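Notes to accompany the following structure.
The values are calculated or read from the model by the stated rules, or taken from the named source; none is laboratory data. From a predicted model like this one, the values you see are computed outputs, not experimental measurements. Note that each Cβ is placed from the backbone with ideal geometry, even for glycine, and that neighbours are counted across all protein chains shown.
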Amino acid sequence: MNDCLFFGENQDPILIKNKPDKITKPIQFKFENENENENENENENENENEKQIKQIASENIQKVTVGVGNEAILTIEENVFAKGKDINPENTKEFINISSLIEDTNDRIIQDVFSGAHSIYLLTSNHNVYGFGDNEYGQLGSYFETLERTEKPILMMKNVSKIFTGSNSNHVFLLNSNQELFGCGLNRHGQFGLGESIKEKKIEKLTQIQNIPKGKIIDIQCGQFHSIMLIENQNENPKRKLYSCGNYEYNGLGKNKNIYEFTEIKSSLFENDNILDFSVGFEHFLILTSKAKMIGFGISDYCELGNGNTEYAPIPIQIDLPKLKYDISNYHILCGVYKSFLYYSPFLFNNQNQIENQNQNNQNNQNQNNQNNQNNQNNQNQNQNQNQNQNQNQNNQNNQNNQNNQNNQNNQNPKKGKKKCSIF
């Protein structure tokens with residue numbers, strides 16, 4: 001990682017040594033190897049957990065995701081290894097190959113993985129979503145209303161293109177290939193945007209979200225009590241806009257009440273600027289724009305907004321950044337519970353584009369296969385009709401020939417009159 005800025009909570013464990021427990025403004029962050037001078041025989045004393053991590057790493061790690069009570073690793077080989085009290089309460093340090101627990105053996109190729117608060121979601125190459133972990137708020141979907149938790153992946157929904165949740169979130173959104181959005185889980189503060197008339201504490205059945213802003217859904221990120229959506233419209237300027245709903249303290253709309261429908265976040269700080277990336281933390285939110293601006297709002301008790309103090313920001317504010325080393329389009333924002341990172345990672349964006357392109361290719365291939373199947377069925381029906389017509393014509397011809405033959409025979413052999421019988 002060539003360029004990484006850090007700000008926010010700096011304790012338990014300490015991320016940057018010889019610094020206070022709160023980093024008020026973005027500073028350079030470097031990973032330090034504390035084991036460089038350790039004994040060469042350290043491998044002999046490593047525990048089973050370290051051996052297991054090395055074995056997983058040998059498969060080439062593609063993605064790591066962390067939520068409250070769980071951790072998950074997606075490998076290039078398309079396996080998912082997970083651990084935590086929500087995965088294996090008896091041994092929270094042991095990684096389990098979750099992919100192998102899916103009942104359908106033809107659906108064990110994992111394309112992506114997402115961690116929520118006490119729950120994990122898997123997206124397979126067949127566009128199916130599996131969930132496991134906690135289900136206290138119905139975040140595992142409509143089939144499991146009476147299920148409190150599960151340690152085995154269970155099918156939630158088919159034909160899914162994207163999953164949206166958050167590491168501190170007890171709610172989840174699922175987007176299908178038709179850009180139809182569904183959600184389930186905690187809804188105490190209106191974080192699904194279902195409207196003020198629907199104020200259930202939890203949505204236990206996968207419910208379609210109707211009040212979606214016009215445009216293409218690029219991303220949705222979930223905080224504990226709010227949701228923020230990024231919408232793209234090619235014909236508008238700027239093309240990308242942010243919409244928020246949920247708890248008023250975190251949604252950036254500057255109102256003193258909860259918002260129950262997705263509402264545009266407007267600010268002069270980015271009204272003519274395109275949004276490159278954004279991230280939702282526990283109680284704070286950060287935006288990165290194409291003009292190299294970082295903008296944030298929400299609670300900043302640990303300086304996680306990076307604006308130099310712990311003051312609450314109900315509406316967007318701009319955070320001063322040091323000069324960046326690389327092009328802004330390759331930087332990525334990551335909000336933790338009480339800390340934040342801004343880091344350079346061209347691979348991450350390329351990988352996301354590859355996944356989206358792969359999803360689109362898979363969908364196109366599926367549509368092409370469906371069209372081919374329909375064409376084959378139509379051809380088969382057409383051939384069947386043609387055969388039926390040919391057989392009918394042949395039968396008609398045969399019947400006509402038989403009738404002609406009978407007529408010819410009758411003409412050649414006229415009937416003789418009956419002889420009269422007499423006793424005389």
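For this structure, a couple of remarks:
- Candidates Ile220, Ile198, Ile231, filtered to the one that is closer than 30 Å to Gly133 by Cβ, out of contact with any Ser or Thr (no Cβ under 8 Å at 6 or more places or on another chain) and part of a strand (DSSP E or B): Ile231
- Among the residues of this structure, Tyr250 counts as one that is aromatic (Phe, Trp, Tyr), farther than 30 Å from Asn126 by Cα and touching a Phe, Trp or Tyr at 6+ places or on another chain (Cβ under 7 Å).
- All conditions in (1) small (Gly, Ala, Ser); (2) touching a helix residue (DSSP H, G or I) at 6+ places or on another chain (Cβ under 7 Å); (3) closer than 15 Å to Lys22 by Cβ hold for Gly308, with the sole exception of (2).
- Top-ranked residue in the stretch 306-321 [being out of contact with any Leu (no Cβ under 7 Å at 6 or more places or on another chain) and free of Cβ contacts under 8 Å to residues at least 60 places away in the same chain; ranked as surrounded by the most Cβ atoms within 10 Å (Cβ to Cβ)]: Ile317
- Residue count, the stretch 172-193 (criterion: part of a loop (DSSP other than H, G, I, E, B) and within 16 Å of Cys245 (Cβ to Cβ)): 7
- Residue match in the stretch 329-341 (condition: under 21 Å from Leu5 (Cα atoms), modelled with pLDDT of 90 or more and in contact with a His (Cβ under 6 Å, 6 or more places away or on another chain)): no
- All positions within the stretch 89-128 that are among the aliphatic types (A, V, I, L, M), in contact with a Leu (Cβ under 8 Å, 6 or more places away or on another chain) and assigned to a strand (DSSP E or B): Ile110, Val113
- The test for being among the hydroxyl-bearing types (Ser, Thr, Tyr) and farther than 24 Å from Glu283 by Cα holds for Ser197.
- Qualifying residue in the stretch 142-156 (condition: modelled with pLDDT of 90 or more, assigned to a loop (DSSP other than H, G, I, E, B) and either surrounded by fewer than 20 Cβ atoms within 10 Å (Cβ to Cβ) or over 13 Å from the mean Cα position of the chain (by Cα) (or both)): no
- The stretch 117-142 residues that are more than 17 Å from Val64 (Cα to Cα), paired with ones that are in a helix (DSSP H, G or I) and modelled with pLDDT of 90 or more (beta carbon under 7 Å, 6 or more apart): Asn126/Asp107; Asn128/Asp107
- Residue that is nearest to the chain's Cα centre (by Cα) [pool: residues in the stretch 54-88 that are modelled with pLDDT under 75 and either in a strand (DSSP E or B) or exposed (fewer than 15 other Cβ atoms within 10 Å of the Cβ) (or both)]: Ala57
- Flag for Glu78 being out of contact with any helix residue (DSSP H, G or I) (no Cβ under 6 Å at 6 or more places or on another chain) and under 26 Å from Gly223 (Cα atoms): no
- Screening Phe164 on (1) crowded, with 24+ Cβ neighbours inside 10 Å; (2) at pLDDT 95 or above; (3) among the aromatic types (Phe, Trp, Tyr) shows it passes everything except condition (1).
- Residue match in the stretch 275-290 (condition: at pLDDT 90 or above, over 16 Å from Leu230 (Cα atoms) and surrounded by fewer than 22 Cβ atoms within 10 Å (Cβ to Cβ)): no
- Residue selected from the stretch 322-340 under the condition over 30 Å from the mean Cα position of the chain (by Cα) and of a type in the set (D, E, K, R), by the criterion surrounded by the most Cβ atoms within 10 Å (Cβ to Cβ): Lys325
Residue by residue, here is whether (1) within 14 Å of the chain's Cα centre (by Cα); (2) buried (at least 20 other Cβ atoms within 10 Å of the Cβ); (3) over 21 Å from Ile287 (Cβ atoms); (4) of a type in the set (A, V, I, L, M) holds:
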{"position": "Asn168", "(1), (2), (3), (4)": "no, yes, no, no"}
{"position": "Gln179", "(1), (2), (3), (4)": "yes, no, yes, no"}
{"position": "Asn211", "(1), (2), (3), (4)": "no, no, yes, no"}
{"position": "Gln221", "(1), (2), (3), (4)": "yes, yes, no, no"}
{"position": "Arg240", "(1), (2), (3), (4)": "no, yes, no, no"}
{"position": "Ser244", "(1), (2), (3), (4)": "no, yes, no, no"}
{"position": "Glu249", "(1), (2), (3), (4)": "no, no, no, no"}
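- Where a residue in the stretch 277-289 is under 15 Å from Ile299 (Cβ atoms) and its partner, wherever it lies, is acidic (Asp, Glu) and assigned to a loop (DSSP other than H, G, I, E, B), with Cβ under 6 Å and at least six apart: His284/Glu304
- Listed by first and then second residue, the pairs with beta-carbon distance under 6 Å, at least 6 apart or on different chains, first residue in the stretch 211-240 and under 29 Å from His118 (Cα atoms) and at pLDDT 90 or above, second among the aromatic types (Phe, Trp, Tyr) and part of a strand (DSSP E or B), are Ile220/Phe164; Ile220/Phe173; Met229/Tyr243; Met229/Phe262.
- Selection of the stretch 223-238 for residues being in contact with a strand residue (DSSP E or B) (Cβ under 6 Å, 6 or more places away or on another chain) and surrounded by fewer than 21 Cβ atoms within 10 Å (Cβ to Cβ) yields Leu230, Glu232.
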